[in-house]
Amino acid sequence: MFNYLHYLVPISEIIIITVMLNYLLKLFWGTRAMDVVFGFIAFLFLFLFSAWLGLPVLSKIMVNVVNVAVIAVLIIFQPELRLALSKLRVKGRKYREIDDFDKFLDNLSNSIYRLSEKQIGALVVIENQDSYEENASSAVMMQAEFSSELFESIFMTTTPLHDGAVVIRGSTIVAAGTILPLAQETPQLTKTMGTRHRAALGASQKTDALIIVVSEETGKVSLARDGIMTRGVKIDRFRGIIRSIFTPPELTKKFKRWKLWRSR
């Protein structure tokens, strides 16, 4: 009877060693530790060659050298090894989603309040369930992954796009220079409201999007949703509102558990 176990063990070992070597090569490629990796591989082949030829003295010397070399490598390449171990953490999809959303929210918040400090006017539409494709079709289409540098440069007064609104879907900047409809008659309208605030109210009346306004005159941040505007929003409340609207309930629970786990 054919013994499968006799072949299973060596095949498993070959696969594990291949995966480990592949991981190490990817990690150290292009770094100063790469020379050590090549040296280790050459030393390994030499050790196997001496064992195959039956050279006991050379094999003994090489075993003693390895004992010292392992300690030296751990000391010299401590930063690289720590980086390698940190990458071995297994993260599920839910934690990647939390990380991605958290990163986007932090970047957006920091950008909005940097514009606020400099009193640079801004108008941002964050899509929810309703698509803003119809209004954004006449704008400059971008389809670019959100970055603080790109986002803030759009609202610089020297650029032709700074007067319109930026439309964000998920973490993607869909369009810039979007013209929003002005608000219809509503108790929320006041004589002191400028065009940006009126446009934010108007857009919030037509879709379930969240509209962010940075006042050019005062630098204050306002949020409009469902035809209601909240003015003078601070950064912590800003983050809380966006998280409550755009984080699914099940992901919010996972986020809280994840935060509790990280704080331990």
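Residue order for TYR23, TYR132, TYR113, fewest other beta carbons within 10 angstrom first, comes to TYR23, TYR113, TYR132.
Seen from GLY121, the other residues with C-beta closer than 15 Å to its C-beta sum to a net charge of +1, counting Lys and Arg as +1 and Asp and Glu as -1. For ALA175, the residues whose amide H sits under 5 Å from its own are MET142, GLN143, VAL167, ignoring neighbours fewer than 5 places away on the same chain, with H placed 1.01 Å from N.
A simple packing score, the average count of other Cβ atoms within 10 Å per residue, orders the peptides 40-48, 100-108 as 100-108, 40-48, with the highest score first.
Ranked highest first by the average count of other Cβ atoms within 10 Å around their residues, in what order do 139-151, 222-234 fall?
Working: 139-151: 14.8, 222-234: 17.1.
Answer by packing, highest mean first, reads 222-234, 139-151.
Extension gain for PHE45-THR158 works out to 34.4 nm (0.36 nm per residue, less the C-alpha to C-alpha distance).
By the scheme Lys and Arg +1, Asp and Glu -1, what is the net charge of all other residues having a beta-carbon under 12 Å from that of ALA199?
Here the count lands on +2.
Computed from the coordinates by the stated procedures, all read-outs in this text should not be read as laboratory data. Keep in mind that this is a model prediction, so the values were computed, not measured. Heads up, the Cβs are rebuilt from the backbone with ideal geometry, glycines too, and the neighbour counts pull from every protein chain shown.
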